[in-house]
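Comments concern the structure below.
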Amino acid sequence: MSAAPAMADTAEQESWSVQTSLSEVNGSGTSGEAMIDVQGNEATVSMNVAGAAETFQDGPFPHAQHIHISGQGVCPTMDADEDGDGVVSTPEGQPSYGTIGTSLTLEGDTSADSALAVERYPGGAEYTYERTFELNDDTLAAIEDGSAVVVVHGVNPELLSAEGQEKMSPLNEELPLAATAPAACGTLTASQMEEMPEGGADTGSPVNTDEGSTMALAGAGALGLAAVGGGAWALHRRSVRS
């Protein structure tokens, strides 16, 4: 008996959209567009990304992507490089774009707990992404006040400085700095587009528009990547020095 009023309330909720153009960070060459259609607490996120790091060992380079909140609502410049290694790391960028409010995973959990769940992110040099899920209140508030920032992570290590290529990630010492460094960034603003422009090619990564089963980070994805690819990263680092 109570289902009908609830459905009516949902139908009457105002729909609105925000968008951003993603610009490269760390000289990554990565760019793209992101749009979020919001109705109540439900969001449909659509993204096109191109020029990203292409391969990791024998597979697509995984690109963690998030909506960051509670910062200045802007993308970092190279002035954010506090340690002078020529790379803006994720922590160095946080004063600009803030902490993770929502993880834009392909399936399962979308909280900050999935920040490095690399097996559940899209990958490759070009990809499209679309998923519908419920936003948490903090992310929704940041989108509404204009301080939410979309960040795509993962830079081709060959594009980093020699010092940056030798460093490990401050987020996980089993991963290289390049794996988690921000590659593209954009602040979400009121949308002027009715739909996403044609863009990035689909890499074949599955896009799941259902919430699916909840999966915690628990280091499984990040450590799995390190275990599988650690040798490849080491090999690359040795080849850079030779």
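The values are calculated or read from the model by the stated rules, or taken from the named source; none is laboratory data. Here the structure is a predicted model, which is why all the values come from computation and not from measurement. Cβ coordinates were reconstructed from backbone atoms using ideal geometry, including for glycine residues, and neighbour counts include every protein chain displayed. With ligands, DNA and RNA removed, areas are computed over all heavy atoms of the protein, side chains included. Shrake-Rupley method; radii C 1.70, N 1.55, O 1.52, S 1.80 Å.
Scan (1) on the phi < 0 side of the Ramachandran plot; (2) touching an Asp or Glu at 6+ places or on another chain (Cβ under 9 Å); (3) in a loop (DSSP other than H, G, I, E, B); (4) open to solvent by less than 10 Å² (accessible area, probe 1.4 Å) for the single condition GLU107 breaks and write down its number.
(4)
Taking the stretch 157-178 as the region of interest, how many residues are part of a helix (DSSP H, G or I) and either closer than 15 Å to GLY93 by Cβ or open to solvent by 80 Å² or more (accessible area, probe 1.4 Å) (or both)?
Result for the stretch 157-178: 6.
Select from the stretch 28-60 the residues that are under 19 Å from LEU159 (Cβ atoms) and charged (D, E, K, R) and list them in ascending order.
GLU54, the sole residue that qualifies.
Across the stretch 26-77, what is the total count of residues that are of a type in the set (S, T, N, Q), within 27 Å of GLU14 (Cβ to Cβ) and open to solvent by less than 10 Å² (accessible area, probe 1.4 Å)?
Result for the stretch 26-77: 1.
Checking SER205 against (1) open to solvent by 50 Å² or more (accessible area, probe 1.4 Å); (2) at pLDDT below 95, which single condition isn't satisfied?
Result: SER205 fails condition (1) only.
Please go through the stretch 61-104 and give me each residue that is touching a residue at least 60 places away in the same chain (Cβ under 8 Å), part of a helix (DSSP H, G or I) and out of contact with any strand residue (DSSP E or B) (no Cβ under 7 Å at 6 or more places or on another chain), ordered by number.
Across the stretch 61-104, the qualifying residue is only PRO91.
So which residues in the stretch 78-89 are within 12 Å of ALA183 (Cα to Cα) and open to solvent by 10 Å² or more (accessible area, probe 1.4 Å), if there are any at all?
Within the stretch 78-89, just SER89 meets the criteria.
Hey, among the residues in the stretch 179-201 that are modelled with pLDDT of 90 or more and part of a loop (DSSP other than H, G, I, E, B), which one's nearest to SER89 (Cα to Cα)?
ALA181
So which residues in the stretch 112-133 are open to solvent by 20 Å² or more (accessible area, probe 1.4 Å) and assigned to a strand (DSSP E or B)?
Passing the criteria: THR128, GLU130, THR132.
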